[in-house]
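A.B. asks: After the structure tokens below, expect a handful of questions from me.
The numbers here are math on the coordinates, done by the rules we state, and not lab data. Note that the structure is a prediction, hence the values are computed from the model and not measured. Reconstructed Cβ throughout: ideal geometry from the backbone, glycine too, with neighbour counts over all protein chains shown.
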Amino acid sequence: MTQRQYQPLWEALKENKTVEIILQPEGLTERQLFKQTATLRKAVSKEKYMDTQFKIDFPFAEVTSTRKGRTITFLLELNSADPFGVDF
């Protein structure tokens, strides 16, 4: 199976729970930084959606991101399939 372009980023996020990316190249305009940030956010969201086993194990997991300058930080917040800790 061929590895998708953003799959390594998603795998690193699952393993480390946080990933920082520095946007390249230097000298990008604010509009270009915004566009790259939006692309990365959408790509990570899609990778999370396509990871069916992850969705089964952590159906309420959330990915958040922040950008400061050229650095984007992704944070993965996990939870269990049973948010109330009660087995039915």
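A.B. asks: With the crude spin-label approximation of a point 7 Å out along Cα→Cβ, what separation in nm comes out for THR2 versus PHE60?
C.D. replies: With each label point 7 Å from Cα toward Cβ, the separation is 3.8 nm.
A.B. asks: Which residue fluctuates the most in the chain, going by a Gaussian network model with Cα springs under 10 Å, if the choices are GLU11, GLU30, GLU47?
C.D. replies: So, out of GLU11, GLU30, GLU47, the one fluctuating most is GLU30.
A.B. asks: Could you tell me the relative contact order of the chain? Use alpha-carbon pairs under 8 Å, at least six residues apart, and round to a whole percent.
C.D. replies: Working: 84 pairs, mean separation 30.6, N = 88.
Here the relative contact order equals 35 percent.
A.B. asks: Okay, next question. Subtract the Cα-Cα distance of ARG67 and LYS35 from 0.36 nm times their separation in residues, and report this length gain in nm to one decimal. Walk me through the numbers before you get to the answer.
C.D. replies: Details: separation 32, 0.36 × 32 = 11.52 nm, distance 1.19 nm.
Full extension of this stretch gives 10.3 nm more.
A.B. asks: Over the residues of the stretch 7-77, compute the C-alpha Rg and express it relative to 2.2 N^0.38 Å.
C.D. replies: Cα-based Rg divided by the globular estimate yields 1.15.
A.B. asks: Let me ask something additional. Using the alpha-carbon atoms, what tilt in degrees (0 to 90, nearest 10) does helix 30-50 show relative to the longest principal axis of the chain?
C.D. replies: With both axes taken from Cα atoms, the answer is about 20 degrees.
A.B. asks: If you add up the charges near GLN32, with Lys and Arg at +1 and Asp and Glu at -1, over every other residue whose beta carbon is less than 13 angstrom from its beta carbon, what do you get?
C.D. replies: Here the charged neighbours net out to +2.
A.B. asks: Give me the net charge of THR66's neighbourhood, meaning all other residues with Cβ under 12 Å from the Cβ of THR66; Lys, Arg count +1, Asp, Glu -1.
C.D. replies: Result for the neighbourhood of THR66: +2.
A.B. asks: A follow-up question, please. Would you list which aspartates and glutamates come within 13 Å of LYS68, measuring only between C-alpha atoms, while excluding same-chain residues fewer than 8 positions from it?
C.D. replies: Excluding near neighbours in sequence, the set is GLU20, GLU30.
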